[in-house]
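Data block below; observations after.
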Amino acid sequence: MDLPVTKSRIRLLGVPWDANSSYLRGAAQAPAAIRGALRCDASTSWSETGVDTGLPGIFGDEGDLEFGNGEHWFTQTENAAEGLARECMPLFLGGDHSVTYPLVRGVARKHSGLTIVHFDAHPDLYENYENNPYSHASPFARIMEEKLAARLIQVGIRTLNPHQKAQAEKFGVEVREMRAGRVDLAGMKIQGPVYVSFDLDVLDPAFAPGVSHREPGGLSVREAIGYLHSLPAVIVAADLVELNPVQDVSGVSATVCAKLVKELVGMMAR
Ligand code: MN
Ligand code: MN
């Protein structure tokens, strides 16, 4: 599937940034790996929702942000997100999870009252991780401090420690830990615009080993797709972050990402 750069309703934007990753670099290579898997002739452009993501006008590609031209990465990312949110439904490809803070900041200028549905093994709520307020361990602390979202719902969490639990309580984050079992997203009465932030490490590393922080005991691909299909409200923007191709095995995690992209597009195109 080759994606046209047209006035599509839903558009990819790569954010190849991994300088705020606390453990391993490599996530900056993810957009290229995911595009490669999307283009692969081993699968079709159809999503399970019955939407052909390859039809003209549905799904296009804006390419990657190019960093290092003198502009600060944060401002550049935020402004690009705002511009796209005003034109279409953007689907951003990280990068490490730090990109979600400027992305949500940009999208929130167009869409107020966002509900963020955040899939992750980690809550990413650290007040200050390794003295870097922009760390990929902290984006949701920054987002909630700035009141950029009306609600933050976290699914798949399995690394909640006392500090992050206190942060979640302080910000009113609705944390649904993995050990509690299946979450009924449809029953959570989500209203208004939805931003989906999908950290690939929410999946069990058996399904997606290509991440920097492998945390066993996660979702299956099937469960994750079930969650995406159960989202009740309008998805106005989404990101898929933390694929680390350096850690991948035979490109299987990139293939999983391509599948998740198609299912997200299938839901956004409703
Ligand atoms: Mn994360
Ligand atoms: Mn994570």
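The values are calculated or read from the model by the stated rules, or taken from the named source; none is laboratory data. Note that the coordinates shown come from a computational prediction; the quantities given were computed from them, not determined experimentally. Cβ coordinates were reconstructed from backbone atoms using ideal geometry, including for glycine residues, and neighbour counts include every protein chain displayed. The protein model used for the area step is the full one, side chains on, heavy atoms only, and it has no ligands, DNA or RNA in it. Shrake-Rupley method; radii C 1.70, N 1.55, O 1.52, S 1.80 Å.
Odds and ends about this structure:
- Distant-in-sequence amide H partners of residue 248 (H built 1.01 Å from N, under 5 Å): none
- Evaluated at q = 0.09, 0.12 Å⁻¹, a Debye calculation over the C-alpha positions of segment 10-269 (equal weights, vacuum) places log10 I(q)/I(0) at -0.33, -0.62.
- Carbon + sulfur, % of accessible area of the chain - ligands and nucleic acids excluded, 1.4 Å: 52 percent
- Summing charges over neighbours of residue 217, with a neighbour being any other residue whose Cβ is under 10 Å away from its Cβ, gives 0 when K and R count +1 and D and E count -1.
- Of the trypsin sites (Lys or Arg not before Pro) in segment 116-192, those whose Cβ has at most 14 other Cβ within 10 Å and which sit in DSSP loop: 147, 182, 189
- Accessible area per residue, Å², the chain with all protein chains present, probe 1.4 Å: 39 Å²
- Chymotrypsin sites (Phe, Trp or Tyr not before Pro) lying in DSSP loop within segment 52-93, provided at most 16 other Cβ fall within 10 Å: 67
- Of 163, 213, 97, the one that fluctuates the most in a GNM where the chain has Cα springs shorter than 10 Å: 163
- Over 30 Å between alpha carbons, listed pairs 7/262; 7/189; 147/259; 7/170: 7/189; 147/259; 7/170
- The Cβ shell under 15 Å around residue 112 holds other residues with a net charge of +4, Lys and Arg each +1, Asp and Glu each -1.
- Inter-centroid distance (Cα atoms) of segment 204-246 relative to segment 61-128, Å: 17 Å
- Within segment 165-190, backbone nitrogen closer than 20 Å to the virtual label 7 Å beyond the Cα of residue 128 toward Cβ: 165-171
- Shape class for segment 22-148, computed from the alpha carbon gyration tensor (a ≥ b ≥ c): prolate, with a/c not under 1.5 and a/b above b/c.
- Cβ-defined net charge surrounding residue 247, 11 Å radius [Lys, Arg +1; Asp, Glu -1]: -1
- Label sites at residue 249 and residue 159, each approximated as a point 7 angstrom past Cα along Cα to Cβ, lie 1.9 nm apart.
- Cut-off 18 Å, label 7 Å out along Cα→Cβ of residue 9, residues of segment 40-59 by amide N: 45-59
- Relative contact order of segment 133-215, defined on C-alpha pairs under 8 angstrom at six or more residues apart (%): 23 percent
- Check: the chain dipole with +1 on Lys, Arg Cβ and -1 on Asp, Glu Cβ, in debye: 700 debye
- GluC sites (Glu not before Pro) within segment 14-68: DSSP coil, no more than 13 neighbouring Cβ in 10 Å: 48, 66
- Note on residue 74 and residue 146: the model spin-label points, each 7 Å out from Cα along the C-beta direction, lie 0.8 nm apart.
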